[in-house]
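All remarks here apply to the structure that follows.
The values are calculated or read from the model by the stated rules, or taken from the named source; none is laboratory data. Bear in mind the structure is a predicted one, so any value in this text is a computation, not a measurement. Please note: Cβ atoms are built from the backbone with ideal geometry, for glycine as well, and neighbour counts cover all protein chains shown.
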Amino acid sequence: MKISDIAKLKSAGPSSKKRFVYNGNSNKEDHSGLQIRKLMAGENASLPEIKNNIEETYNNCLENVKSIFNRAAIDFGIMPSCTQVQDMVKNIIIQLQSSSVEIMDLFMKYEEGDYLYSHSANVTFLSVMMGIWLNYNMSDLSSLATAAFFHDIGMLQFRDITSQTKKLSKQEREQVDMHPNFSSQFVKQIPGLDKKLSETILFHHKRLSKTNMDLNEHAQIIGLADVLEAMTHPRPYKAALQPHAAITVIIEAMNSCFSQSIVKVLVDNIGVYPVGTWVWLDTREIGLVIDVNSGLPLSPKLNIMFDDCMQRLPRTRIVDLSKQTNLHIKGPLEEKDKSRFKDALS
């Protein structure tokens, strides 16, 4: 699948735009883009309260990562409590299922220093969201979240290599590529956890191929979340890609590595131009993506803020491209273009 293939869905106007439905029943109110669910428990909660709950859940996950990983770094034989992990995972799932959440706000978080902490939390949250979009039940979501949480704990065995600021050598890469084995073995030793989780973790770096078409779906979800997180966050040896650039790489270069349904559910809910992306329109106007229309990855909602002469509009306007026949995104705003009117963007 290429970007041009997705564009074909848009060519004949709104009435012919194809939607890919992954979650939700017909009697539920349809929510666009990343706002996947209305609050099912406590619909009167304010948006700041919802955001605070999600932030608190994310921060709790991050603190659990640090606590468990730091103990394992001292002694890889120190096992966390199964109850501690299960309670944390349950809370993450409930919060993400029951709230309208901007997942990219969480996913783009990054802590200076050891990237492994925020990477593990980010992959956990995006994996759970993908499971929700795929209509997973509570049991499957719990297994997916737990495997995602521990998928890279084996990297602790290679900190001296991964902390380097240079690109890894072939030999170093081969060593680091052994980390799923260590992660898998670690999870096997946690009393009370399903031993099947170790297989998901073991294969999260495996990709589909002509000789390997039967790959654990949970491993594929975690693998895709892992790839997107790694591309969109800096590492000691590389800069981060912008989210739209990373999504393009996944669509055009890595689509055959993962199940089409998994790639589609990610792209349909994150969009080709994720929330926060500045885009050029074919009118030469400039807008900011403020929401994604689920199933219509090339037709997000925009706040158009600059005219065709790159002058700030006196009054911005909100446009839903899924309802437009004569307005299309030409492409993302490049960094060099942003620098031309940096003050106006801030």
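The residues on offer are Ala230, Ala245, and the sole one that is under 26 Å from Leu141 (Cβ atoms) and part of a helix (DSSP H, G or I) is Ala230. For segment 139-173, taking the residues that are part of a helix (DSSP H, G or I) and among the acidic types (Asp, Glu), the one that is nearest to Lys90 (Cα to Cα) is identified as Asp140. The residues on offer are Ser139, Ser98, Ser118, and the sole one that is closer than 17 Å to Leu193 by Cα and in the same structural domain as Asp226 (by TED's automatic domain parsing) is Ser139. For His204, the conditions (1) outside any loop (DSSP other than H, G, I, E, B); (2) surrounded by 21 or more Cβ atoms within 10 Å (Cβ to Cβ); (3) over 14 Å from the mean Cα position of the chain (by Cα) are fulfilled apart from (1).
Conditions (1) touching a His at 6+ places or on another chain (Cβ under 6 Å); (2) farther than 30 Å from Asp214 by Cβ; (3) not charged (D, E, K, R), marked per residue:
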{"site": "Asp268", "(1), (2), (3)": "no, no, no"}
{"site": "Thr277", "(1), (2), (3)": "yes, yes, yes"}
{"site": "Leu281", "(1), (2), (3)": "no, yes, yes"}
{"site": "Glu285", "(1), (2), (3)": "no, yes, no"}
{"site": "Ile290", "(1), (2), (3)": "no, yes, yes"}
{"site": "Leu298", "(1), (2), (3)": "no, yes, yes"}
{"site": "Lys301", "(1), (2), (3)": "no, yes, no"}
{"site": "Gly331", "(1), (2), (3)": "no, yes, yes"}
{"site": "Glu335", "(1), (2), (3)": "no, yes, no"}
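Just to be sure before I move on: is Met305 in contact (Cβ under 8 Å) with a residue 12 or more places away in the chain, within 25 Å of Leu241 (Cβ to Cβ) and assigned to a strand (DSSP E or B) in the structure I sent? Here the answer is yes, as Met305 does meet what is asked.
Only a single item in (1) surrounded by fewer than 17 Cβ atoms within 10 Å (Cβ to Cβ); (2) more than 29 Å from Tyr136 (Cα to Cα) is not met by Gly287, and it is number (1). Is one or more of the residues making up segment 74-94 within 12 Å of the chain's Cα centre (by Cα) and crowded, with 17+ Cβ neighbours inside 10 Å? Looking for residues that are within 12 Å of the chain's Cα centre (by Cα) and crowded, with 17+ Cβ neighbours inside 10 Å, one finds none in segment 74-94, hence no. Restricting Thr316, Thr277 to residues that are surrounded by fewer than 20 Cβ atoms within 10 Å (Cβ to Cβ) and in contact with a strand residue (DSSP E or B) (Cβ under 7 Å, 6 or more places away or on another chain) narrows the list to Thr316. Is segment 260-269 home to any residue that is touching a residue at least 24 places away in the same chain (Cβ under 8 Å), crowded, with 22+ Cβ neighbours inside 10 Å, within 25 Å of the chain's Cα centre (by Cα) and in a loop (DSSP other than H, G, I, E, B)? Checked against the condition, which is being touching a residue at least 24 places away in the same chain (Cβ under 8 Å), crowded, with 22+ Cβ neighbours inside 10 Å, within 25 Å of the chain's Cα centre (by Cα) and in a loop (DSSP other than H, G, I, E, B), segment 260-269 yields no hits at all. Condition test on Ser143, is it modelled with pLDDT of 95 or more and either in contact with an Asp or Glu (Cβ under 7 Å, 6 or more places away or on another chain) or within 19 Å of Val263 (Cα to Cα) (or both)? The answer is yes for Ser143.
Among the residues making up segment 313-327, those that are at pLDDT 90 or above and in contact with a helix residue (DSSP H, G or I) (Cβ under 7 Å, 6 or more places away or on another chain) are Ser322, Lys323, Leu327.
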